[in-house]
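This report refers to the structure that appears directly beneath it.
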Amino acid sequence: MRTNPGATGKSEGSRAQHLIFYAVIGRLGVHAAYVLLFFVVSWYTLKPSTAARCRPYLERRFPGCGGMHMLRHIWKLQWNFGLCLVDRAAAGINGRFFFAEEALEAIRGLAHGGGRRDGGLILLSAHTGARHMAQVFLAGHVGRPVHVLGVKDRGDVDREAHEHSGAEAPYSVIDPADGPMSVVRILRILRAKEILCMMGDRAFGSGATLAVNFLGEPVLLPYLAFRMSAASGAPVAVVFHLRTGVCRGETRVADVIQAPVDLKNDPEAYRPYVQRFASLLEAFTAEHPYQFFNFFNLWEK
Amino acid sequence: MDIREVLKREIIKELKLEDISPEDIKEDAPLFGDGLGLDSLDAIELVVLVQRNFGVALDNAEEARQAFASLNSLAKFIESRRTP
């Protein structure tokens, strides 16, 4: 199975560069790492290949913007992305991270059925804010087993927070490369009233996408979450994760979408739900333009 | 009616395999990838149609891997799990 064309998941920095950051966080603290990050982000902002990866999103988020203004947007997007990576490492190295609990009750209520006969919950998110720490926090506090659909790219050298201490991940990972078997696992998870986290802005596998409007132009987004919802009766909670401060995060429930259980195997039937997700993500990017970490051309024809 | 025939008919109908007739589905050919060429989303329909038509749940990934090997394997799995 493949992801969207152009989306590699590969880390920008080398393994050695990441180790330098981990050492700084461990010995000097997270603020010292932010100082180092300032210079690294400034360098990457001036590096044409890295800046080019930011442009497809930023040019649509800030249409007509160019020159120094665009450079400032590129710097801010990379800065916020870097802050999230530093915070994640600090959480693993120093155990330092605070996650706001506001959305937890809502997610917990949905996960426990909310009066529905069918159980399970699909948390549909995007590459935003402190998403990695959000998954860790939810897995530890929501009171139901949490599973994450996705696999780490081989070129991604960033460590997850738990990898710093050698601990086991607090959630299980379902590899979409398992194809039909991953689908069987997901349906079992949802029937067992457990929680599945997945990304709505990145397609795994080919052909399971629909064209919807996002920031003024069509993009291909996956509809797997909504097909799973129709097959299992589990609602889809659209959630976006934010970085709100130094080693602080928050999850916001943007909407809860239930695809009708009799919705059949017709991709067109799922387009309104995928468009709803795209519209919610667009609203998120309007409010937090530098916390949507899109570094490939999602709009590529 | 034989389970294999029901499966062929239901797979064509539910998976909208409009260019395929029941005779085209080879009973020993893989359902996914080479063979019938189904994909992950088709797996959802397959799980749902097996549950709805035969009352058999495909919950275990390892069992599903064997069951999805071919139409014959799936029919055998259903026969072994079906309550009389």
Worksheet item: Quick one: putting +1 on the C-beta of Lys and Arg, -1 on the C-beta of Asp and Glu, what dipole do you get for the protein assembly as shown around its Cα centre, in Debye to the nearest 20?
Response: 1200 debye
Worksheet item: Debye sum, Cα scatterers, chain B, no solvent: what log₁₀ I/I(0) at q = 0.17, 0.21, 0.24 1/Å?
Response: -0.61, -0.97, -1.34
Worksheet item: What fraction of the DSSP beta bridges in the protein assembly as shown is antiparallel, stated in percent and rounded to the nearest 5?
Response: 50 percent
Response to the item:
Mean per-residue count of partner chain Cβ within 10 Å for B:42-52 equals 5
Practice prompt. Using the Kyte-Doolittle scale, find the helices of chain A whose mean hydropathy is at least 1.0 and whose Cα atoms extend 18 Å or more along the helix's long axis, counting only whole DSSP H runs.
Written response: A:30-46
Practice prompt. Using a 10 Å Cβ count of at most 16 others and DSSP loop calls, identify the longest part of chain A lacking such GluC sites (Glu not before Pro).
Written response: A:169-299
Worksheet entry | For the stretch A:175-301, size of Cβ-based charge dipole, Lys and Arg +1, Asp and Glu -1, in debye | 320 debye
Discussion item. Name the residue from A:ALA161, A:LEU149, A:LEU121 whose Cα lies farthest towards the positive end of the charge dipole of chain A, charges +1 on Cβ of Lys and Arg and -1 on Cβ of Asp and Glu.
Written reply: A:ALA161
Worksheet item: Over chain B, what relative contact order in percent results from Cα pairs under 8 Å that are six or more residues apart?
Response: 30 percent
Practice prompt. Over the stretch A:15-94, calculate the relative contact order: mean separation of alpha carbon pairs under 8 Å at least 6 apart, over the residue count, as a percent.
Written response: 45 percent
Worksheet, complete the sentence: Computed from every Cα-Cα pair in the stretch A:45-188, P(r) in 5 Å bins starting at 0 and rounded to whole percents is 2, 8, 14, 16, 16, 14, 13, 9, 5, 2, 0, 0
Worksheet, complete the sentence: The size of the Cβ-based charge dipole (Lys, Arg +1; Asp, Glu -1) of chain B about the Cα centre, to the nearest 20 debye, is 340 debye
Practice prompt. Among A:VAL261, A:SER182, A:PHE292, pick out the residue whose Cα is farthest towards the positive end of the charge dipole of the stretch A:155-301, where Lys and Arg carry +1 and Asp and Glu carry -1 on C-beta, about the Cα centre.
Written response: A:VAL261
Fill in: Long pairs among B:LYS26/B:LYS76; A:LYS193/B:LYS13; A:LYS264/B:LYS16; A:LYS47/A:LYS76; A:LYS193/B:LYS76, criterion Cα-Cα beyond 18 Å
A:LYS193/B:LYS13; A:LYS193/B:LYS76
Worksheet item: If you take the charge dipole of the protein assembly as shown about its Cα centre, with +1 on Lys and Arg Cβ and -1 on Asp and Glu Cβ, which of A:HIS132, A:TYR44, B:ALA75 is farthest toward its positive end?
Response: A:TYR44
Practice prompt. Counting other Cβ atoms within 10 Å, keep those with at most 11, restrict to DSSP loop, and tell me which chymotrypsin sites (Phe, Trp or Tyr not before Pro) in the stretch A:176-274 are left.
Written response: none
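No lab work stands behind these numbers, since they all come straight from the coordinates. Keep in mind the model is a prediction, meaning the values are calculated, not measured. Reconstructed Cβ throughout: ideal geometry from the backbone, glycine too, with neighbour counts over all protein chains shown.
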